[in-house]
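Read through the structure below, which is laid out as structure tokens, and then see the notes.
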Amino acid sequence: MNPVLERWNGRTENEAAEEILPCGGSRRWARALADLRPFADAASLLEQSDGIWNRVDLLDWDEAFATHPRIGDKKAPASATTKSAAWSSQEQSGVAGAADDIQERLRQRNEEYERRFGRTYIVCATGKSAEEMLAILEQRLQNDDAAERREAAEQQRQISRLRLRKWLEL
């Protein structure tokens, strides 16, 4: 058994929920996952995480979205845990070396997205360049609110899955 998972299975419900929170950003998601312990393996945890994420409500999605910094920002929002902020920095590393004009366009489009949808644009940034994230952002600005909320939720699900794998040291 995975040693991180084995230790986590033995924690109290509150400790387990707090420990997993940086992976998903939603307290309801974290509590629901902690309630399902013990998990025999990482695959079961990942499967249950996806299922819970697909059942939580819009407020839970918004809570998770609010833990993400803007793509390209160095400072995480106050709602982000220290671990979540560190992961976001790693995940967005593709922006750090981008040309100034790309970074400026990202800043402008982030602001446009926030005005239009009322939340921070999130994308599963791992392995993506600044140019790729900008192109995705510009495409997603064409979505209506319902379609964009579903896309943001899917991006959060992917981010949570990657973070769970990091947390489990897989």
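None of the figures in this text is laboratory data; all of them are computed from the coordinates on show. Worth saying up front: this structure is predicted, and the values here are computed from it rather than measured. Cβ: placed from backbone, ideal geometry, glycine included. Neighbour counts: every protein chain shown.
Considering only C-alpha atoms, what is the centroid distance from region 7-54 to region 139-170, in Å?
Value for the Cα centre distance between the two parts: 17 Å.
On a 0 to 90 degree scale, rounded to 10, what angle separates helix 145-167 from the longest Cα axis of the chain?
Taking Cα atoms only, the helix is inclined about 50 degrees.
What does the net charge come to around G127 if you take all other residues with beta carbon closer than 15 Å to its beta carbon, with K and R at +1 and D and E at -1?
Taking every other residue near G127 into account, the sum is +2.
By per-residue mean of other Cβ atoms within 10 Å, what is the highest-first order of 106-118, 136-148, 23-35?
Ranked by mean Cβ neighbours within 10 Å, highest first: 23-35, 106-118, 136-148.
Would you compute, from DSSP H runs of 4+ residues alone, the mean residue ellipticity of the chain at 222 nm, taking -39500 (n - 2.57) per run and dividing by the full residue count, rounded to the nearest 500?
Mean residue ellipticity, 222 nm, calculated: -21000 deg cm²/dmol.
Over the chain, what is the relative contact order in percent, taking alpha-carbon pairs closer than 8 angstrom and at least six residues apart?
Computed over the chain, the figure is 25 percent.
Using only the C-alpha atoms of region 68-170, find the volume of their convex hull and express it per residue in Å³.
94
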